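J.: The structure under discussion is supplied below as C-alpha cells; questions concerning it will follow.
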Amino acid sequence: MSRKILVVDDSPTERFFLADLLTRSGYEVITAADADEALLKVRTERPSLVVMDVVMEGTSGYQATRAMARDPDTQSIPVILCTSKGSESDRIWGMRQGAKGYLVKPIDPEELLARIATSLA
C-alpha cells in the first residue's frame, strides 16, 4: 500500500511542521499551498490520504473535501481536516463534507499519527 500523504495548508510553517513529522514517521509527503492546488495534486499524485487545513484563501478545505467526496475518482481518498476552527458545529460540518477525521490546531503529533494509521487501515 502506498504511504503517500498530501499536506495542504496555506501556512509555510504549518506545511513544514506536518511534512517533517510525517516524513520522520516513514510517509512520503507532498504538499500544496491551497485547496485548488490540492485538488490538482490529488488527481496527478494519487495520495493515500490528505491532511487539509480549512481556512485558506479562495477555495476552503471544506469545499475541497466535499469536491473530493463527490468525485468517483477521489472519493476513496480519506481526508483529515486540521484547523483552528474548534467548535462542535465546525467539526460536524467538516465530517458532513466527507472528512474522515477532524483535528483542532495546535495539532497533537501523536493524535494525528494515530488518526492517519486508522484511516489507512
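Computed from the coordinates by the stated procedures, all read-outs in this text should not be read as laboratory data. Nothing here was measured: the structure is a model prediction, and the numbers come from that model. A quick note on method: Cβ atoms are made from the backbone with ideal geometry, for glycine too, and the neighbour counts reach across all protein chains shown.
J.: Return the long-range amide H neighbours of residue 82 (sequence gap of 5 or more, or a different chain), with a cut-off of under 5 Å between placed amide H atoms.
T.: Amide H neighbours of residue 82: 52, 53, 54, 103.
J.: Follow-up question, since we're still on this one. In nm, give the distance between the simple-model label positions of residue 87 and residue 23, each being 7 Å from the Cα along the Cα-to-Cβ direction.
T.: Label-label distance for residue 87 and residue 23, simple model: 3.7 nm.
J.: Also: How far apart, in nm, are two points set 7 Å out from the Cα along the Cα-to-Cβ line at residue 36 and at residue 110?
T.: The modelled label-to-label distance comes out at 4.1 nm.
J.: R0 = 22 Å: FRET efficiency of residue 118 with residue 95, Cβ-based, nearest 0.05?
T.: 0.90
J.: Along the charge dipole of region 1-86, which of 74, 32, 56 sits closest to the positive end, that is, farthest toward it, with unit charges on the beta carbon of Lys, Arg, Asp and Glu (+1, +1, -1, -1)?
T.: Comparing the listed Cα positions along the dipole, 74 ranks first.
J.: Select one label from (i) 0.91; (ii) 0.94; (iii) 0.98: the one whose number is Rg/Rh (Cα atoms, Kirkwood Rh) as derived from the coordinates shown.
T.: Answer label, from the structure shown: (i).
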